[in-house]
Amino acid sequence: MKKVILLLLIALVSVPAIAQLSQGERDFAVKYLNATHNNIVETVKNLPDEAFNYKPENGGWSVANALEHILLTENTFYGMAQQTVANPENKTDADLSQKDGVIIGMLANRGTKVKTAAPFEPTGKWDSKQAMIDELEKSRNMLTKYLNSTDDKLRKHKASLPFGEVDMYQLMLIIAAHSQRHTAQMQEVLAEYNAM
């Protein structure tokens, strides 16, 4: 009986260390990434090249530019998450989870204008719309596979971004919210294009 109790206690202590993210957190992030992926694809897949490359009169980005920006930031943020969890100096005991909703709202909101850092400026890296859609598909498959299978303690590692500290789970939410923001931008550009 003492051995059974000891084994149960060890199991209870070990579970949070192994299953660092709850299934609910994993499911939410995966669903959000998939939903934003689908919105992007639905927005761009049937666009003629003229609409895809149309730049608004105010000098903003085309749909192609916004999609490239999404891809550039997504790859960078995923790499940042991998490097952060690999570095023990980035560990934290702080619970940042109460900021999940605030971060999503802040990043998805088009009302707050943000100047893009130079590494995330579109430069025409991909040669076609289909190549960009394929790259997004590859990226999202990698992210969702990672979230569904990782034992990395994403909530226990943090990084500093221009708007504050985030844990690495929140960085996954940022990827989805950021693409939601720029899909809205694409739709604004297309509304202007269609009104011509």
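Bear in mind that the values in this text are calculations on the coordinates, not laboratory data. Just so you know, these numbers come straight off a predicted model, no measurement behind them. Reconstructed Cβ throughout: ideal geometry from the backbone, glycine too, with neighbour counts over all protein chains shown.
Return a whole-number percent for the relative contact order of segment 40-125, with Cα pairs under 8 Å and 6 or more residues apart as the contact set.
On the way: 32 pairs, mean separation 27.2, N = 86.
Across segment 40-125, relative contact order equals 32 percent.
Taking a cut-off of 21 Å between Cα atoms, list the lysines near Lys138, but don't count ones fewer than 8 places away on the same chain.
By straight Cα distance, Lys138 reaches Lys31, Lys45, Lys125, Lys129.
Place a +1 charge on the Cβ of each Lys and Arg in segment 22-195 and a -1 charge on the Cβ of each Asp and Glu, then give the dipole magnitude about the Cα centre in debye, rounded to the nearest 20.
Details: 19 positive and 23 negative charges, 58 e Å.
Approximately 280 debye in magnitude.
Near Lys91, which lysines are there with a Cα under 24 Å away, not counting those fewer than 8 places off in the same chain?
Lys99, Lys145, Lys153, Lys156, Lys158
Please compute the net charge surrounding Leu161, taking Lys and Arg as +1 and Asp and Glu as -1 over other residues with Cβ under 15 Å from its Cβ.
Numbers: positive: Lys99, Lys115, Lys158, Arg181; negative: Glu74, Asp100, Glu165, Asp167.
Once positives and negatives cancel, what remains is 0.
Using a cut-off of 15 Å between beta-carbons, work out the net charge of the residues near Met106 (Lys and Arg +1, Asp and Glu -1, Met106 not included).
Working: positive: Lys99, Arg110, Lys113, Arg181; negative: Asp100, Glu165.
With Lys, Arg at +1 and Asp, Glu at -1, the net is +2.
Can you give the helix-only mean residue ellipticity at 222 nm for the chain, where every DSSP H stretch with n ≥ 4 adds -39500 (n - 2.57) and the sum goes over all residues, rounded to the nearest 500 deg cm²/dmol?
For the chain, the value works out to -22000 deg cm²/dmol.
Under 10 Å, Cα contacts only: if you run a Gaussian network model on the chain, which one of Val44, Val102, Val166 comes out with the highest mean-square fluctuation?
Val102
Using R₀ = 22 Å, calculate the FRET efficiency as 1/(1 + (r/R₀)^6) where r is the Cβ-Cβ separation of Ala35 and Asp93; round to 0.05.
Using R0 = 22 Å, I get an efficiency of 0.10.
Mind checking the angle between helix 23-44 and the chain's longest principal axis? C-alpha axes, 0 to 90 degrees, to the nearest 10.
The helix 23-44 is inclined about 10 degrees to the chain.
Only loop residues by DSSP count here, and only those with at most 14 other Cβ atoms within 10 Å; note down the GluC sites (Glu not before Pro) in segment 22-108 that meet that. Let's see the in-between values first.
Details: sites: Glu25, Glu42, Glu50, Glu57, Glu68, Glu74, Glu89; in loops: Glu57.
Answer in residue order: Glu57.
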